[in-house]
Amino acid sequence: MLKIGVLVSGGGSNLQSLIDSIKEGYISGEITVVISDRRDAYGIERAKKAGIASAVFDRNSMGCEELNASILRLLKKHDVELVVLAGYLSILSGEIIEKYRNMIINIHPSLIPSFCGPGFYGIKVHRAVLEYGVKVSGCTVHFVDCGTDTGPIIFQKAVEVMEGDTPEVLQKRILEHEHRLLPEAVRLICSGNVKVCGRMVSITGRD
Ligand code: GRF
């Protein structure tokens, strides 16, 4: 069973989808620690409710290097093998990226390489999608490298933009798909069905 560490900054609904999927036996892995960079992240409450070890390293009270070093220390302490960024907003850098090469994944609420990169997070992504007028958006699960939203793509799900959508309505529609896509990616990584070669990711055993 792969040991998983989940990093959150907010509500943690994606974390919840992982907790539920593990409980249902869909993923054969174990979340050994949940870490937040914000004190008020509800994801930490979700971890506590599920009996999972958790910690907060407040990004407002420490520098980026210290934040990353503290996270790495805790991931090692909990023997984490796979790191899942589930709505984590700080930048991971340095040793974490090297140690967990191709073992850190992120979920982003658009079809990368559109509407991603620095400044594209949360509701801003959906606002930009509607302002541009694209007819299709979606979500992407990808490996994390030293750039922002630039790593090899694992899965993407296209979601239609509907007439009259507000950013909030679109966000909610896409989030429902995120809650299926992220657990599926974690399931397949845990079962050794995901192989990376350069930018190419090959996958077997999809649902
Ligand atoms: C999701 O839309 C995810 O794609 C993005 O941040 C949001 C986190 O939502 N990276 P939640 O905290 O999992 O509810």
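The values are calculated or read from the model by the stated rules, or taken from the named source; none is laboratory data. Bear in mind the structure is a predicted one, so any value in this text is a computation, not a measurement. Cβ atoms come from the backbone with ideal geometry, glycine included; neighbour counts cover every protein chain shown. Calculation scope for accessible area: heavy atoms of the full protein, side chains included, ligands and nucleic acids excluded. Shrake-Rupley method; radii C 1.70, N 1.55, O 1.52, S 1.80 Å.
Quick notes
- One residue from K157, K135 being within 13 Å of the ligand (Cβ to nearest atom) and open to solvent by 10 Å² or more (accessible area, probe 1.4 Å): K157
- Scanning the range 1-28 for residues that are near the ligand (Cβ under 8 Å from one of its atoms) and surrounded by fewer than 17 Cβ atoms within 10 Å (Cβ to Cβ) yields a single hit, G11.
- Of all residues in the range 169-188 being over 12 Å from L18 (Cβ atoms) and open to solvent by less than 50 Å² (accessible area, probe 1.4 Å), the one that is farthest from the ligand (Cβ to nearest atom): L188
- Set T204, T166: member being over 19 Å from N106 (Cβ atoms), hydroxyl-bearing (S, T, Y) and either open to solvent by less than 60 Å² (accessible area, probe 1.4 Å) or within 12 Å of the ligand (Cβ to nearest atom) (or both): T166
- Total residues in the range 79-91, condition outside any loop (DSSP other than H, G, I, E, B) and open to solvent by 40 Å² or more (accessible area, probe 1.4 Å): 0
- Among the residues of the range 30-51, those that are surrounded by fewer than 21 Cβ atoms within 10 Å (Cβ to Cβ), of a type outside the set (S, T, Y) and away from the ligand (no atom under 14 Å from the Cβ) comprise E30, R39, K48, K49, A50, G51.
- Some residue of the range 140-149 being assigned to a loop (DSSP other than H, G, I, E, B), more than 11 Å from the ligand (Cβ to nearest atom), open to solvent by less than 40 Å² (accessible area, probe 1.4 Å) and under 18 Å from L181 (Cβ atoms): yes
- When V134, V201 are screened for being over 14 Å from V84 (Cβ atoms) and part of a loop (DSSP other than H, G, I, E, B), only V134 passes.
- Search result, residues across the range 92-115 that are open to solvent by 30 Å² or more (accessible area, probe 1.4 Å) and within 13 Å of the ligand (Cβ to nearest atom): L111, F115
- Hits in the range 1-24 (condition: β-branched (V, I, T) and assigned to a loop (DSSP other than H, G, I, E, B)): none
- Qualifying residue in the range 160-168 (condition: assigned to a loop (DSSP other than H, G, I, E, B), more than 20 Å from Q16 (Cα to Cα), touching a helix residue (DSSP H, G or I) at 6+ places or on another chain (Cβ under 7 Å) and β-branched (V, I, T)): yes
- Hey, V196 touching a strand residue (DSSP E or B) at 6+ places or on another chain (Cβ under 8 Å) and surrounded by fewer than 20 Cβ atoms within 10 Å (Cβ to Cβ) or not: yes
- Pairs where the first residue, in the range 107-123, is on the phi > 0 side of the Ramachandran plot and the second is part of a strand (DSSP E or B) and not aromatic (F, W, Y), C-beta under 8 Å, 6+ apart: F115/S137
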